[in-house]
1. In whole angstrom, how far apart do the alpha carbon centroids of segment 141-160 and segment 5-47 sit?
2. Using per-residue counts of other Cβ atoms within 10 Å, averaged over each peptide, order 158-164, 35-41, 69-75 from highest down.
3. I need the calculated FRET efficiency for the pair Ala138 and Ile161, taking r as the beta carbon distance and R₀ as 30 Å, to the nearest 0.05.
4. Can you work out the Karplus-derived ³J(HN,Hα) for every residue in segment 8-13? Use 6.51 cos²θ - 1.76 cosθ + 1.60 with θ = phi - 60°, whole Hz, and x for glycine or proline.
5. Sequence-distant or interchain residues sharing an amide H contact under 5 Å with Ala38, placed H: which?
6. Quick one: length gained pulling Asn147 to His10 fully straight, 0.36 nm per residue minus the C-alpha distance?
7. For Tyr27, Tyr47, Tyr168, what ranking results if the residue with the fewest other Cβ atoms within 10 Å of its Cβ goes first?
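Quick note: the coordinates plus some simple rules give every number you see, no bench work behind them. What you are looking at is a predicted structure, and each value in this text was computed from that prediction instead of being measured. Glycine also receives a Cβ, built like all others from the backbone with ideal geometry; neighbour counts cover every protein chain displayed.
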Amino acid sequence: MHSDTASSEHILICSSAPETALKTGQYLADTDALLVAATSAADARKYIEIEPVTAVIIDLLLIDSDGISFARELRAEMPWLPIIVMTTDQCEPTFSGDVEQNTCKQTRLQFALKQASINNPATKLEILHLEHSDESAAVIREMLRINTGLFRARSIPEAKIALSIRSYDFALISSNHPLFYQPLEASCRSANDPNAYEPNSLLSIMGQLRQSSERFTTGYCA
């Protein structure tokens with residue numbers, strides 16, 4: 001995946017799962033962002049060292065790392081760089097009644113979060129968590145409860161408000177969030193409508209993450 005359109009945004013999508021990279025790329029394809037892909041943290045780091053990347057989107061579970069630990073490393077080295085970590089949807093529920101297949105997605109999510117908790121140093125992370133599923137939100141809150149400040153937003157408008165008043169190290173976004181299924185040309189119908197999304201919501205979030213390093217104390221909205 002590589003968009004050749006000239007742009008002020010140069011976005012690296014790091015994912016070992018083709019489905020996640022493709023979905024994210026498709027959502028941004030009609031923007032003027034320059035998109036490049038890497039399949040591992042090592043490849044992503046090599047690219048960042050030689051190219052002027054303006055934002056990074058990372059899959060939660062990579063072949064050589066977990067997305068949260070990699071995001072933590074990048075944040076420490078490049079505090080100005082907007083980072084979004086995507087929770088994976090590589091294993092979708094099936095209709096076969098196979099419990100093992102139906103729980104694959106959650107198992108994959110828990111494995112990545114466990115790796116992130118193991119690699120958790122003393123420095124506290126502040127994370128904006130955009131998640132519409134209460135079940136997934138509860139799993140992530142439990143697994144990352146140590147040394148992590150989470151603020152959960154259910155909708156894009158709520159996330160944008162949170163970003164306008166607090167500083168976060170990065171955003172954690174479900175790749176199954178409805179924003180990925182909204183037409184890019186759709187406009188926000190009402191400021192009071194939690195299901196209304198503005199065009200290019202990922203770019204908007206990246207722009208708000210690109211802010212000063214001033215830190216605020218975050219909470220978690222259940």
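1. Cα centroid of segment 141-160 versus Cα centroid of segment 5-47: 24 Å apart.
2. Numbers: 158-164: 17.1, 35-41: 19.6, 69-75: 21.4.
Ranking, from highest mean packing down: 69-75, 35-41, 158-164.
3. Numbers: r = 22 Å, r/R0 = 0.74.
Plugging the Cβ-Cβ distance into 1/(1 + (r/R0)^6) gives 0.85.
4. Result, rounded to whole Hz: 7, 9, 10, 9, 9, 9.
5. Result for Ala38 returns Ile13, Cys14, Ser15.
6. Details: separation 137, 0.36 × 137 = 49.32 nm, distance 3.10 nm.
Between Asn147 and His10, full extension yields 46.2 nm more.
7. Details: Tyr27 19, Tyr47 16, Tyr168 27.
Fewest to most other Cβ atoms nearby, the residues stand as Tyr47, Tyr27, Tyr168.
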